[in-house]
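The values are calculated or read from the model by the stated rules, or taken from the named source; none is laboratory data. Because the structure is a prediction, the values reported are computed rather than measured. Using ideal geometry, Cβ is built from the backbone for each residue, glycine included, and neighbour counts are taken over all protein chains shown. With ligands, DNA and RNA removed, areas are computed over all heavy atoms of the protein, side chains included. Shrake-Rupley method; radii C 1.70, N 1.55, O 1.52, S 1.80 Å.
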There are 4 protein chains.
Amino acid sequence: MPAKEKTAKIGVLGASGYTGAELVRLLLRHPRADIVLLTADRRAGKSMADVFAQFSPYALPTLTLIDGADWKALGLDVAFCALPHGTTQKVIKDLMARAARTKVIDLSADFRLADPAAYARWYGHDHFAPELQKSAVYGLTEIYRAKVKTARLVANPGCYTTCAELALIPLLKSKAIDPDEIVIDAKSGMTGAGRAAKEEMLFSEVSEGIHAYGVGHHRHMAELDQEFSLAAGRNVVVTFTPHLVPMNRGILSTIYVRGLKASPQDLHALLLKSYSKELFVHVLPFGATPQTRHVRGSNMTFMGVVADRISGRAIIVSALDNLTKGASGQAVQNMNVMLGFPETMGLEQVALFP
Amino acid sequence: MPAKEKTAKIGVLGASGYTGAELVRLLLRHPRADIVLLTADRRAGKSMADVFAQFSPYALPTLTLIDGADWKALGLDVAFCALPHGTTQKVIKDLMARAARTKVIDLSADFRLADPAAYARWYGHDHFAPELQKSAVYGLTEIYRAKVKTARLVANPGCYTTCAELALIPLLKSKAIDPDEIVIDAKSGMTGAGRAAKEEMLFSEVSEGIHAYGVGHHRHMAELDQEFSLAAGRNVVVTFTPHLVPMNRGILSTIYVRGLKASPQDLHALLLKSYSKELFVHVLPFGATPQTRHVRGSNMTFMGVVADRISGRAIIVSALDNLTKGASGQAVQNMNVMLGFPETMGLEQVALFP
Amino acid sequence: MPAKEKTAKIGVLGASGYTGAELVRLLLRHPRADIVLLTADRRAGKSMADVFAQFSPYALPTLTLIDGADWKALGLDVAFCALPHGTTQKVIKDLMARAARTKVIDLSADFRLADPAAYARWYGHDHFAPELQKSAVYGLTEIYRAKVKTARLVANPGCYTTCAELALIPLLKSKAIDPDEIVIDAKSGMTGAGRAAKEEMLFSEVSEGIHAYGVGHHRHMAELDQEFSLAAGRNVVVTFTPHLVPMNRGILSTIYVRGLKASPQDLHALLLKSYSKELFVHVLPFGATPQTRHVRGSNMTFMGVVADRISGRAIIVSALDNLTKGASGQAVQNMNVMLGFPETMGLEQVALFP
Amino acid sequence: MPAKEKTAKIGVLGASGYTGAELVRLLLRHPRADIVLLTADRRAGKSMADVFAQFSPYALPTLTLIDGADWKALGLDVAFCALPHGTTQKVIKDLMARAARTKVIDLSADFRLADPAAYARWYGHDHFAPELQKSAVYGLTEIYRAKVKTARLVANPGCYTTCAELALIPLLKSKAIDPDEIVIDAKSGMTGAGRAAKEEMLFSEVSEGIHAYGVGHHRHMAELDQEFSLAAGRNVVVTFTPHLVPMNRGILSTIYVRGLKASPQDLHALLLKSYSKELFVHVLPFGATPQTRHVRGSNMTFMGVVADRISGRAIIVSALDNLTKGASGQAVQNMNVMLGFPETMGLEQVALFP
């Protein structure tokens, strides 16, 4: 591979999971990123090729324990955290205290909720780093770009939430839809469930079929509530049902909304205008709807608006790749913003279809 | 295979499609069915094994043209029609005129709409057999069993419609839910699109992804409107969005409803009671939801009810195999009712999972 | 479901795995089988519906521990053992000592190797029940039917081995092919790997790709060596490479052989003759080859023979469903033979395609 | 997307098929490629986004007819031909006559066979451009790099052939294996069959199963014969069986060989040495074998060597993405060589897994 003009020293904490691997995939082609640290507690001592064979041809740091990391000496420009929920808070607190100039992008849910009470309610315990929780910036780049630019800690949004929020926040902000009448029926690929060995995620358990899960209660609801309420300027609670689809990547959100004086065409025009200058959000012509396969492996969100046959109602369909724009791609996008790089750098990859 | 006590002479018109093959699969194990006629216009002269290799070990009639069939001489007890839309009407009209004792079960959409005006509106032309249209019985067995029993022509319901109607008709009849606030988000396997060679149904076009189609306008809506309006005793129009999922068989309908004085628990109790004696509808415990793979290849419908976190709203999930209960299985169930056989005969097959 | 003429009392040991579930699926439709015992050590106390939701509508015994079973009092006619390797030997030894009239069909590999030395070499320890090992009958029904008839303990063959042995044993017995020039390239669906939660069997690890495993060394080789050597009347060692394919069920063996004076057409004629009266082995016309999907869920083996373009060589392709003819279906077939039932009873199910 | 230093004017003939789309995917990220022409006869007048929605966000030329193209005026540096067999010869002949400086990379099979007699035998008619056939360079880059560099017409190799040839040519050249004892059992994803609407390629026909096809006779054999004979310096005919696997992309070739004085370890060492400086061929450690998913979307070939348990025999497994290294990726690699660009330019993409 050709030499890269390297400037940013990057660490990936939790490199043996799917979002970790996706970060490495993207960063390997980023012309200004230099991966100097990869941690994976249960695989420490192994090579990245041992846990993800696709990296066999590339030179990458050996996987190490987090515990031994000397954050100060490492001098990371950016640390991506792709760790399981809970541990994250302590690791980040420690890292940020020791390495004053390292910026952190956290891909877990740990810093997404700004309200300590909401956090405690949804996660069953008080936050372990409440001061950091306050200062963390919610990294939905298109919406919070200015804040991300100056943030030291970015809470990268969830995959379901990115998909639905990009479609709905502009409409709620404009008061174009009724905040009490939103139904989000979401369908996700299997990588969204992570790489932990669970019976219910075996190939034979989840191929050739579809099912809903977390019906009526799913932690991503807390994130939706926060962002939709902020956008609407009032309390918003939506109906949200996630499903598992026999595919690796992709989220499709079919969203049922009702216009407030706004026709479906108005909603479409609003989205088109909101994202006219955005390179990672593509609004399809009115009446067209997206397929997840057409954004696979890219950082794109495709969305479409259709008029329901019931007057005043519209159906919005939003699609992204849960590992890219729904996780690691948006994390790299945030890194670019935080470091002053061109926002699309390393993210130009066109979707892999078929 | 062991000898069968054969009594009913059966013809399958359109045996080279998926619903045709599913009829043959089920009827081969039906102890009182004797397949004496298989038609397939484009494959006439071939053996069933030529078009579906799984039938290689079985003795079956050679595929023939419909045109040459001498309906009177054949003396069929039951003719299953699995023909494409349009041709069906003329074929059935002719067959029923010539063979006075043959009963017909039509798996197309041709006789499902009782209202000639609705038919013309949705299909763009007047019905070719309006008198038959009037006398046809809508074959949603659990709901119309008494009428099916004495029918000469049964219009077998669609797959999407069977799945949603079994869940909603008891609730609408009881006025337990608001008929103006129903959203049906349906997900179907690929066999629902039939066996015609279309680019958009190639493996590489539809695997590894999900998408909505027919958003805002799908012909199954006409059938839903008819049955829901009948059940509610007033005009009902629902929001309905179908999706294609990379799996062969199965429909999952995620249905968003609002109770009228009825809690989600009440809705569950109502469904449980409605289907307590039904062998092909299984209501899961409150809070549980079904997976399509658990009904694969069986004639079962599994359904579950969950309380939404928004008070007064419930989420109902209904699952069936689109080729079995959603088409050919229900057709055999109707045949059993029409001929006075035990209703489950030939349909005892347990779902194939994994 | 209609009442069954029940005669045989059946126990399934290890009902929470895939072969266990497949046994239950088949036995529920077997007119002379009555399931009275289901064990599953890690799930004891649960219902079968808890571990396999497709059984929700059926009345089945609660899952119990093996330890508490009073084999004598239970008075089983047949015990199917679908337990992991190793434990099996002790359980069966104990069961057979206590319940003098219970016949045992073991689906593990524990009793397949007749030679204690071969067992020790492949499994790394001496057999725990060497006397039983000697008396066990290898249950490849079509080949050992007479012995199975009078056996008390049947060692049900492996899935890969059944698929390859049915194709090759008649040819080796007739000395029609060179025993030193056999290459078996086998492809299996994912259920062959069982239901244990392993990272490498997660959907996202094994979908959308194919790979070989156990290359050069796989335990099924021991079984192939034994049976091929017996058939050839001399020592036979074959090349065998298994692969994992992103599908639930099915094994396809592509077998490369060289005729000894026998042309590919001769080999085909030999197979056709060998299986002319067999109901579960179907030899396709010369030049045609099978697809696994056409035997899915059935107890059929389909096989075909093609001439290689290199003179004197032939390619044989054999296909079966690893859970049915490759495991539980053949186990039920053996039960039928052992109990004097018609051999196809409960196994008449036609393949589920599509 | 960032501005690109554009130097080469590129045309893609046949852009509406899968190899056409893959070319566009790769070229969009190639820093020195400028797509100025896209043809697609049946879709002329449409946008690329109309036929492949993943390209919606990108500015690309409208699809045009080949017939109207003014090859001289266009002044293409490189024309990629991804047309169906047959038409290709006439189109290229015409193009090369009119546009003296345009280089052509043909992805069809039309110019791969150097011997006119072999061509006529396999394709049933004389070649339409026999002079060009003589001058065409077979574009297996790693083997023919020097010739590719100066070629005006490159015949890009087939997917099956690239996969097997990269593994075997170095061994045949070194006379390390017996040329008469090669068995290639190949497994391909569905995109290898192209985008034509055929019943046998529908999702429901090919998912959830595996089958062999073209057994004993497949056109890729002609290409294998030519290259293996050239490498061995004598006539070589191999046994080759292709299979279809339910995945979009990937070819896995399991190759059975016998060493001539060379041990399996020697074969491995030979491959390792042959490809030590190659960036797109990665030889795994001895005993390890590749998975197709680990090269998905990349231009990599992964290969491994294992000792068979039969002494003197080895099993080589080779994996690539049929659309990338097996078609469009290698075509871009050839373009880079022909135009003097760095060979990996635009092909640095890491495999997309999971």
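Any residue at all in region B:331-340 that's within 11 Å of another protein chain (Cβ to nearest Cβ), assigned to a loop (DSSP other than H, G, I, E, B) and out of contact with any strand residue (DSSP E or B) (no Cβ under 7 Å at 6 or more places or on another chain)? No; the residues of region B:331-340 include none that is within 11 Å of another protein chain (Cβ to nearest Cβ), assigned to a loop (DSSP other than H, G, I, E, B) and out of contact with any strand residue (DSSP E or B) (no Cβ under 7 Å at 6 or more places or on another chain).
Matching residues to (1) closer than 30 Å to D:Tyr18 by Cα; (2) open to solvent by 10 Å² or more (accessible area, probe 1.4 Å); (3) in contact (Cβ under 8 Å) with a residue 12 or more places away in the chain; (4) more than 7 Å from chain A (Cβ to nearest Cβ):
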site: B:Gly209; (1), (2), (3), (4): yes, no, yes, no
site: B:Gly214; (1), (2), (3), (4): yes, yes, yes, yes
site: B:Leu224; (1), (2), (3), (4): no, no, yes, yes
site: B:Ser229; (1), (2), (3), (4): no, yes, no, yes
site: B:Val237; (1), (2), (3), (4): no, yes, yes, no
site: B:Thr241; (1), (2), (3), (4): yes, no, yes, no
site: B:Gly250; (1), (2), (3), (4): yes, no, yes, no
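In this structure, is C:Lys147 out of contact with any Ser or Thr (no Cβ under 7 Å at 6 or more places or on another chain), closer than 30 Å to C:Pro290 by Cβ and in contact (Cβ under 8 Å) with a residue 12 or more places away in the chain? It is false that C:Lys147 is out of contact with any Ser or Thr (no Cβ under 7 Å at 6 or more places or on another chain), closer than 30 Å to C:Pro290 by Cβ and in contact (Cβ under 8 Å) with a residue 12 or more places away in the chain. Of all positions in region C:176-183, none carries a residue that is more than 10 Å from chain D (Cβ to nearest Cβ) and assigned to a helix (DSSP H, G or I). Considering region C:36-56, and only residues there that are hydrophobic (A, V, I, L, M, F, W, C) and not in a helix (DSSP H, G or I), the residue that is nearest to the other protein chains (Cβ to nearest Cβ) turns out to be C:Phe52.
Give region D:283-292 a look and list any residue that's open to solvent by 10 Å² or more (accessible area, probe 1.4 Å) and within 12 Å of D:Arg249 (Cα to Cα), or say none. Selection gives D:Gln291 alone.
Can you find a residue in region C:199-207 that is within 13 Å of chain D (Cβ to nearest Cβ) and touching a residue at least 12 places away in the same chain (Cβ under 8 Å)? Yes, some residue in region C:199-207 is within 13 Å of chain D (Cβ to nearest Cβ) and touching a residue at least 12 places away in the same chain (Cβ under 8 Å). Please enumerate the residues belonging to region B:193-207 that are in a loop (DSSP other than H, G, I, E, B) and surrounded by fewer than 23 Cβ atoms within 10 Å (Cβ to Cβ). Selection gives B:Gly194, B:Arg195, B:Ala196, B:Ala197, B:Lys198.
Of everything in region C:83-94 that is in a loop (DSSP other than H, G, I, E, B) and open to solvent by 20 Å² or more (accessible area, probe 1.4 Å), the residue that is nearest to C:Tyr123 (Cα to Cα) is C:His85.
Identify all residues within region C:121-135 that are of a type in the set (Phe, Trp, Tyr) and farther than 13 Å from C:Ser108 by Cβ; write none if there are none. Selection gives C:Trp122 alone. Out of A:Ala331, A:Ala319, A:Ala307, one residue alone is more than 19 Å from the chain's Cα centre (by Cα) and not acidic (Asp, Glu). It is A:Ala307. Among the residues here, A:Met335 qualifies as open to solvent by less than 10 Å² (accessible area, probe 1.4 Å), at pLDDT 95 or above and in the same structural domain as A:Ala151 (by TED's automatic domain parsing).
Looking at this structure, is C:Glu227 in contact with an Asp or Glu (Cβ under 6 Å, 6 or more places away or on another chain), among the acidic types (Asp, Glu) and not in a helix (DSSP H, G or I)? Criteria not met by C:Glu227. Of all residues in region A:252-264, those that are facing chain B (nearest Cβ under 7 Å) and crowded, with 23+ Cβ neighbours inside 10 Å total 2. Within region B:121-136, one or more residues are over 15 Å from B:Ala222 (Cβ atoms), among the aliphatic types (A, V, I, L, M), open to solvent by less than 20 Å² (accessible area, probe 1.4 Å) and touching a residue at least 12 places away in the same chain (Cβ under 8 Å).
Within region C:108-120, is there a residue that is part of a helix (DSSP H, G or I), open to solvent by 30 Å² or more (accessible area, probe 1.4 Å) and at pLDDT 95 or above? No, region C:108-120 contains no residue that is part of a helix (DSSP H, G or I), open to solvent by 30 Å² or more (accessible area, probe 1.4 Å) and at pLDDT 95 or above.
Of the listed requirements (1) under 25 Å from B:Arg98 (Cβ atoms); (2) open to solvent by 50 Å² or more (accessible area, probe 1.4 Å); (3) within 14 Å of chain C (Cβ to nearest Cβ), B:Ala59 misses just one: (1).
Condition check: of a type in the set (A, V, I, L, M, F, W, C) and open to solvent by 30 Å² or more (accessible area, probe 1.4 Å). Does D:Ala164 satisfy that? So D:Ala164 does not fit the description; no. If the condition is being touching a His at 6+ places or on another chain (Cβ under 8 Å) and closer than 16 Å to A:Arg25 by Cβ, then region A:304-341 contributes only A:Val332. Once region A:137-159 is narrowed to residues that are assigned to a helix (DSSP H, G or I) and open to solvent by less than 10 Å² (accessible area, probe 1.4 Å), the residue that is farthest from A:Phe302 (Cα to Cα) is A:Val148.
Conditions (1) touching a strand residue (DSSP E or B) at 6+ places or on another chain (Cβ under 9 Å); (2) outside the structural domain of C:Arg249 (by TED's automatic domain parsing); (3) under 24 Å from B:Glu278 (Cα atoms), marked per residue:
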{"residue": "C:Leu13", "(1), (2), (3)": "yes, yes, no"}
{"residue": "C:Thr19", "(1), (2), (3)": "yes, yes, no"}
{"residue": "C:Val24", "(1), (2), (3)": "yes, yes, yes"}
{"residue": "C:Arg29", "(1), (2), (3)": "no, yes, yes"}
{"residue": "C:Ala40", "(1), (2), (3)": "yes, yes, no"}
{"residue": "C:Ala44", "(1), (2), (3)": "yes, yes, no"}
{"residue": "C:Val51", "(1), (2), (3)": "yes, yes, yes"}
{"residue": "C:Tyr58", "(1), (2), (3)": "no, yes, yes"}
{"residue": "C:Ala69", "(1), (2), (3)": "yes, yes, no"}
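In summary, D:Asn322 fulfils each of the numbered conditions (1) farther than 30 Å from D:Phe203 by Cβ; (2) more than 10 Å from every other protein chain (Cβ to nearest Cβ); (3) buried (at least 24 other Cβ atoms within 10 Å of the Cβ); (4) in contact with a strand residue (DSSP E or B) (Cβ under 7 Å, 6 or more places away or on another chain) with the single exception of condition (1).
Scanning region C:207-236 for residues that are among the basic types (Lys, Arg) and in contact with a helix residue (DSSP H, G or I) (Cβ under 7 Å, 6 or more places away or on another chain) yields a count of 1.
Within region D:293-313, being at the interface with chain C (Cβ under 9 Å from one of its Cβ atoms), surrounded by 24 or more Cβ atoms within 10 Å (Cβ to Cβ) and in a loop (DSSP other than H, G, I, E, B) holds for one residue alone: D:Arg296. Could you check, for region D:274-292, whether at least one of its residues is at positive phi and under 17 Å from the mean Cα position of the chain (by Cα)? No, the conditions are met nowhere in region D:274-292. Scanning region D:238-269 for residues that are basic (Lys, Arg) and farther than 26 Å from D:Asn299 by Cα yields D:Arg258, D:Lys261. Is it fair to say C:His268 is farther than 19 Å from C:Ala176 by Cβ and either under 22 Å from the mean Cα position of the chain (by Cα) or open to solvent by less than 50 Å² (accessible area, probe 1.4 Å) (or both)? Here the answer is no, as C:His268 does not meet what is asked.
Of the residues making up region B:268-292, those that are in a loop (DSSP other than H, G, I, E, B), closer than 20 Å to A:Ala212 by Cα and of a type in the set (A, V, I, L, M, F, W, C) are B:Leu284, B:Phe286, B:Ala288.
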